[in-house]
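Below you'll find the structure, written out as structure tokens, and then a few comments.
The values are calculated or read from the model by the stated rules, or taken from the named source; none is laboratory data. In this text, all values refer to a predicted model and were calculated from it rather than measured experimentally. Neighbour counts are summed over all protein chains in view; Cβ atoms, including those assigned to glycine, are modelled from backbone coordinates with ideal geometry.
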């Protein structure tokens, strides 16, 4: 029996060895595992968009970031920057009374509803600029700091030049339409990063959604303060020429990003685009956007290719 056992074992050995060689050869012929796919592009629907790492200044995503655009009320980022610069220098105080001028009262909407001769604390005007995006408040701030809107605009452009915003020109402190007033997503990102980095106290107002003055409640409803979370500073802008513009900063788990959206077709889409970009920065999945093509409504006809331009900025 032992001879039989030995013969069986000896015969099985080559068979097992041959099977092992065959398996090894098969494994060698298998294709190597593919590397992990990089995160998919966020697919921004707006005309221009940019995502910036606030810590490093590195651009994480860009779409038409150097394209010439109307800034709308994102102009107010420079107005706020100069206001905080003067606050830090002691040239103005938050409690300073500001007398509203006739020109501030007559500034077109969006507005706080200021009336010439009213005395308003400087701090309330800043909240009006940042939260209510009030054009009359922006005019009052400009006149208080520089003596006139024209002199303030000169200072805005001088500061833009010092900051290297080569593709930006300001024509007013609030963002109402003016053919001379132009910028790019890249320039606005640099401006917003300067404001938030140099004057972190500005986040206190840019991160709020409401304030009250003289019994009137001013509120903005921004879904981005809830989704994707971590948003601590936000400014919107809109004119029919510009479309819906947005600047938003958010931080989570030690990462901080700044997002610029220019030329979104609707207010809701500007928030969706920004949310997708921020989630892209945080490494989270973003839902797919499905929407019908935009059709502009005009008087005298059902649809047209271009909108009616009205002097509205908010």
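Being surrounded by 14 or more Cβ atoms within 10 Å (Cβ to Cβ), part of a loop (DSSP other than H, G, I, E, B) and either in contact with a strand residue (DSSP E or B) (Cβ under 6 Å, 6 or more places away or on another chain) or touching a residue at least 24 places away in the same chain (Cβ under 8 Å) (or both) narrows it down to one of 110, 103, so name that one.
Of 110, 103, the one residue that is surrounded by 14 or more Cβ atoms within 10 Å (Cβ to Cβ), part of a loop (DSSP other than H, G, I, E, B) and either in contact with a strand residue (DSSP E or B) (Cβ under 6 Å, 6 or more places away or on another chain) or touching a residue at least 24 places away in the same chain (Cβ under 8 Å) (or both) is 110.
Suppose the filter is under 18 Å from residue 46 (Cβ atoms), at pLDDT below 65, touching a strand residue (DSSP E or B) at 6+ places or on another chain (Cβ under 6 Å) and surrounded by fewer than 23 Cβ atoms within 10 Å (Cβ to Cβ); does residue 307 pass it?
Here the answer is yes, as residue 307 does meet what is asked.
Closer than 16 Å to residue 234 by Cβ, at pLDDT 85 or above and in contact with a helix residue (DSSP H, G or I) (Cβ under 9 Å, 6 or more places away or on another chain) - does that describe any residue in region 279-297?
Taking every residue of region 279-297 in turn, none turns out to be closer than 16 Å to residue 234 by Cβ, at pLDDT 85 or above and in contact with a helix residue (DSSP H, G or I) (Cβ under 9 Å, 6 or more places away or on another chain).
Working only within region 193-204, note down all residues that are over 16 Å from the mean Cα position of the chain (by Cα) and modelled with pLDDT of 95 or more.
Answer for region 193-204, where residues must be over 16 Å from the mean Cα position of the chain (by Cα) and modelled with pLDDT of 95 or more: 198, 199, 200, 201.
Restricting region 178-196 to residues that are closer than 11 Å to residue 75 by Cβ and touching a residue at least 24 places away in the same chain (Cβ under 8 Å), which is surrounded by the fewest Cβ atoms within 10 Å (Cβ to Cβ)?
Across region 178-196, the extreme among qualifying residues is 182.
Being outside any helix (DSSP H, G or I), on the phi < 0 side of the Ramachandran plot and out of contact with any strand residue (DSSP E or B) (no Cβ under 8 Å at 6 or more places or on another chain) is the filter here; which residues of region 135-190 pass it?
148, 163, 166, 170, 171, 172, 173, 174, 178, 179
State which residue is surrounded by the fewest Cβ atoms within 10 Å (Cβ to Cβ) when the search covers only region 113-128 and only residues that are touching a residue at least 60 places away in the same chain (Cβ under 8 Å) and within 28 Å of the chain's Cα centre (by Cα).
The residue in question is 113.
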